[in-house]
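Engineer: Below you'll find the structure I mean.
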Amino acid sequence: MIQKMTTLLFLLGFVSKTSCYFILIQEPKTWTEAQSFCREYHLDLATVQSGQDRSEIQEIPSSLSWIGLHDGLCAWRWSFQDQDLVFQNWGLSEDTTTRTQRKCGVIRNEGTWHTASCDEQKYFFCYNVTGNKFVFYKTKLTWREAQRYCRMNYVDLAIINDITVNRYIEYLLDTYGGYEGWVGLSMNLWLWSDQSDVNWLSVKWSPGEPDNRDGNDKCAFVYENGLIGDGDCFSHLPFFCTKRSQMQLVRVAVRSAGALDESAVMTAVEEKIRQILSEQEMDAGSSVTWRVQADGKIFQRQKINTRNTTTACEERSTAVRLPRDTNQRP
């Protein structure tokens, strides 16, 4: 019997930090001037959000010094086309203005909206503009993971522009036994200059920071102990740059006899690589990026034929559990 197999080929870029990853520039500059200098002569302003990062900062004698964290737009927006909110249904006394971490929005089964750390794992709703369809996934992902899944398989995370849609999503949660789920709401309070994802569980503010003491503190500096504070971007301070890193490219092939969910494959591969890095104590400061091919795609599909014969050693395929798709129309 001839069995058709589908193979996904893709490249992963593995970036790892080397020793002396940061360099301190003693000449005081404004935050924007420091950013331009780092990008011209090194890589970018420093990203400091792990224990290893803070340890390296402490090993370099310094005073207050700029790093790459800066204030983003303090406004709630929809992930889909970066739209403004034209309808809101926040819960009573819900704090939507805190500046200490990136916040994302959930809808609960009573229909009200609430804030949560984007790094928490929750159920989520996808939105497909065709037919105004909403899809509820009873699988827990972080907000960014859910956003990536919805964008790859539909259009984006759910957008709620009126009370009718709000009540329908409330109905889905109640019907399928969910307490709350991610929608496309987020407020991007702080960003890294090198566009790294902000891992709020690892960003360590100094006690009382950020305090916006001068009313215009939209850029971050680092203390000698590696903790972070906020300051006026026009102040002149020394600054830390990130040196250029080494990247290793890895070609990976995933084979399956059925259709593969590319988002699930990406998540599974990333989790496996992080597990390997953690076991080898290489996870701190390392990252995995997806290499885009010349045609703009990450995955390249190939079809091969394999003859199904009985041998002493049978070929085994790895099963990937996909999110449950509860597809409902209003």
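Engineer: How do 62, 193, 202 rank when sorted from fewest to most other Cβ atoms within 10 Å of their own Cβ?
Structural biologist: With the sparsest Cβ surroundings first, the list reads 202, 62, 193.
Engineer: Output ³J(HN,Hα) for the range 52-64: one whole-Hz value per residue in order, computed from phi by the Karplus curve 6.51 cos²θ - 1.76 cosθ + 1.60 with θ = phi - 60°, and x for Gly and Pro.
Structural biologist: With the stated coefficients, the range 52-64 comes to 5, 4, 5, 5, 5, 4, 5, 7, 9, x, 7, 10, 4 Hz.
Engineer: About its Cα centre, how strong a charge dipole does the range 77-187 have in debye, to the nearest 20, once Lys and Arg get +1 and Asp and Glu get -1 at the Cβ?
Structural biologist: The calculated dipole for the range 77-187 is roughly 340 debye.
Engineer: To continue, here is another question. Report the gain in length on full extension from residue 163 to residue 40: 0.36 nm times residue separation, minus Cα-Cα distance, nm rounded to one decimal.
Structural biologist: Contour length minus the Cα-Cα distance gives 39.3 nm.
Engineer: Another question, then. To the nearest 0.05, how large is the calculated FRET efficiency for residue 227 and residue 179 if R₀ is 45 Å and r is the Cβ-Cβ distance?
Structural biologist: 0.80
Engineer: Right, another one. Pulled fully out, how much extra length does the chain show between residue 89 and residue 236, if you take 0.36 nm times their separation in residues and subtract their Cα-Cα distance?
Structural biologist: Result for the pair: 48.7 nm of gain on full extension.
Engineer: Okay, moving on. Multiply the residue separation of residue 24 and residue 151 by 0.36 nm, subtract the distance between their alpha-carbon atoms, and state the gained length in nm to one decimal.
Structural biologist: 41.8 nm
Engineer: Also, I was wondering about something else. Return the long-range amide H neighbours of residue 90 (sequence gap of 5 or more, or a different chain), with a cut-off of under 5 Å between placed amide H atoms.
Structural biologist: Result for residue 90 returns 113.
Engineer: In addition: Students often get this wrong, so check it: of 29/218; 243/272; 122/272, which have C-alpha atoms separated by over 23 Å?
Structural biologist: 243/272
Engineer: Calculated FRET efficiency, residue 243 and residue 276, Cβ-Cβ r, R0 30 Å, to nearest 0.05?
Structural biologist: 0.75
Engineer: Report the local net charge at residue 240: Lys and Arg +1, Asp and Glu -1, summed over other residues whose C-beta lies under 13 Å from its C-beta.
Structural biologist: Net charge around residue 240: -4.
Engineer: Treat the count of other C-beta atoms within 10 Å as a stand-in for reagent exposure and order 63, 196, 79, 186 from fewest to most.
Structural biologist: 63, 196, 186, 79
Engineer: For each of 40, 209, count neighbouring Cβ atoms within 10 Å of the residue's Cβ, then give the residues from fewest to most.
Structural biologist: Arranged by neighbour count, lowest to highest, 40, 209 become 40, 209.
No lab work stands behind these numbers, since they all come straight from the coordinates. The shown structure was predicted, so the numbers you read here are calculated from the model rather than taken from an experiment. In this analysis, Cβ positions are derived from the backbone assuming ideal geometry, glycine residues included, and neighbour counts consider all displayed protein chains.
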